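Undergrad: First, the structure itself, so that you have it in front of you.
The values are calculated or read from the model by the stated rules, or taken from the named source; none is laboratory data. Every value quoted in this text rests on a predicted model; they were computed, and no experiment measured them. Here the Cβ is made from the backbone with ideal geometry for all residues, glycine too, and neighbour counts use every protein chain on show. Areas reflect the complete protein model, heavy atoms only, side chains present, ligands, DNA and RNA absent. Shrake-Rupley method; radii C 1.70, N 1.55, O 1.52, S 1.80 Å.
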Amino acid sequence: AIENSDEFHAHNAFFERVIWFHVLHKKLNWPDVPVDRWRCSAAQAAAVALPRHLEGAGSVLGLKTQKDKEGSRVMLKLSKPRKPTKNHPATRWTPETAPEDFETLYRYCVRDVDTEYDLEHSVPSLSESEQTLWQLDQTINVRGFCVDRETAQGALQVVAAMRSAQNERINDLTGGAVTAGTKVADLQQWLIDCPDVPDG
């Protein structure tokens with residue numbers, strides 16, 4: 001598929017792209033798949049005002065294959081550390097310690113793929129401009145963006161100084177009844193109690 005320049009389709013494809021790059025490409029030396037060969041059924045769903053999550057989109061469309069809720073529960077259980085006990089000190093579940101759960105997980109994964117396939121074939125592909133925008137979003141999320149940290153820190157200091165000055169002012173104007181602009185309930189009560197609001 002990689003050598004044939006095939007497209008790679010997934011629901012919320014950013015997750016698959018990250019796994020592909022960091023595990024299959026970097027650790028196992030598989031070729032990387034360029035972003036322009038990925039397609040995302042979550043983006044397709046969003047483009048036609050459907051829920052982005054697979055369960056919601058599948059439910060709205062009444063797909064013949066629906067997301068497996070029990071499988072989802074088991075997947076979440078197996079993907080989180082377990083609390084060790086005296087008789088079972090391991091912090092992770094394995095196919096040996098939870099064989100039935102892992103069989104449920106495998107069926108869940110297959111069903112997810114079937115549901116994603118049904119969803120993708122039930123909604124239109126992204127337009128060329130939307131696909132280009134999606135690819136840009138993917139590129140930005142992987143690369144990040146530059147931040148002038150010195151200026152950002154300076155801006156935070158200006159905000160803190162202004163906040164302090166404005167809090168002093170509101171404290172003076174309300175005779176100490178409201179000590180900060182964030183004290184909304186105190187301000188509301190002061191406005192109710194004080195018919196003559198001072199100018200300024």
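Undergrad: Beyond 32 Å between alpha-carbons counts as too far, so tell me which of Lys27/Lys64; Lys26/Lys80; Lys27/Lys83 fall in that bin. Could you put the intermediate results ahead of the total?
TA: Details: Lys27/Lys64 37 Å; Lys26/Lys80 24 Å; Lys27/Lys83 29 Å.
From Lys27/Lys64; Lys26/Lys80; Lys27/Lys83, over 32 Å: Lys27/Lys64.
Undergrad: Looking at segment 54-138, which trypsin sites (Lys or Arg not before Pro) are DSSP coil and have at most 13 other C-beta atoms within 10 Å of their C-beta?
TA: Lys64, Lys86, Arg92
Undergrad: Are there chymotrypsin sites (Phe, Trp or Tyr not before Pro) in segment 77-144 that DSSP marks as loop and that have at most 16 other Cβ atoms within 10 Å, and which are they?
TA: Details: sites: Trp93, Phe102, Tyr106, Tyr108, Tyr117, Trp134; in loops: Trp93.
Taking segment 77-144 and a limit of 16 other Cβ atoms within 10 Å, no loop chymotrypsin sites (Phe, Trp or Tyr not before Pro) are found.
Undergrad: Using the Cα centre of the chain as the reference point, and only Cβ charges (+1 on K/R, -1 on D/E), how large is the resulting charge dipole? Debye, rounded to the nearest 20. Show your work: numbers first, answer last.
TA: Values: 23 positive and 29 negative charges, 195 e Å.
Dipole magnitude for the chain comes out near 940 debye.
Undergrad: Let me ask something else about it. Using a probe of 1.4 angstrom, how much of the accessible area of the chain is carbon and sulfur, in percent?
TA: Numbers: 7900 of 14040 Å².
Heavy-atom surface of the chain belonging to carbon and sulfur, 1.4 Å probe: 56 percent.
Undergrad: Okay, moving on. Once the dipole of segment 46-115 is set up with Lys and Arg at +1 and Asp and Glu at -1 on Cβ about the Cα centre, which of Leu76, Ala47, Gly58 lies farthest towards its positive end?
TA: Selected residue: Leu76.
Undergrad: Another one. Counting only other residues whose beta carbon sits under 9 Å from that of Leu54, what net charge do I get with K and R as +1, D and E as -1?
TA: Numbers: positive: Arg52, Lys67; negative: Glu55, Asp112, Glu116.
Overall, the nearby charge balance is -1.
Undergrad: Here is a further query. Could you rank Thr151, Thr174 by how accessible they are, 1.4 Å probe, largest area first? It would help to have the intermediate numbers written out before the result.
TA: Working: Thr151 85, Thr174 15 Å².
Descending accessible area places them as Thr151, Thr174.
Undergrad: While we're looking at this one, here's another question. So which lysines can Lys69 reach, going by Cα to Cα under 16 Å and dropping same-chain residues fewer than 8 places off?
TA: Of all the lysines, those that pass the test against Lys69 - Cα under 16 Å, at least 8 places apart if same chain - are Lys77.
Undergrad: Related question: Averaged per residue, what accessible area in Å² does segment 1-50 show with a 1.4 Å probe, protein chains only? Walk me through the numbers on the way to the answer.
TA: On the way: 2980 Å² over 50 residues.
For segment 1-50, the solvent-accessible area averages 60 Å² per residue.
Undergrad: While we're on this one: Place +1 on the Cβ of every Lys and Arg and -1 on the Cβ of every Asp and Glu in the chain, take the dipole about the Cα centre, and give the residue among His121, His25, Ala10 whose Cα lies farthest towards its positive end.
TA: His25
Undergrad: Considering the values (1) 49, 26, 22; (2) 91, 16, 12; (3) 24, 20, 15, which represents semi-axes √(5λ) of the Cα gyration tensor in Å as calculated for the structure under consideration?
TA: (1)
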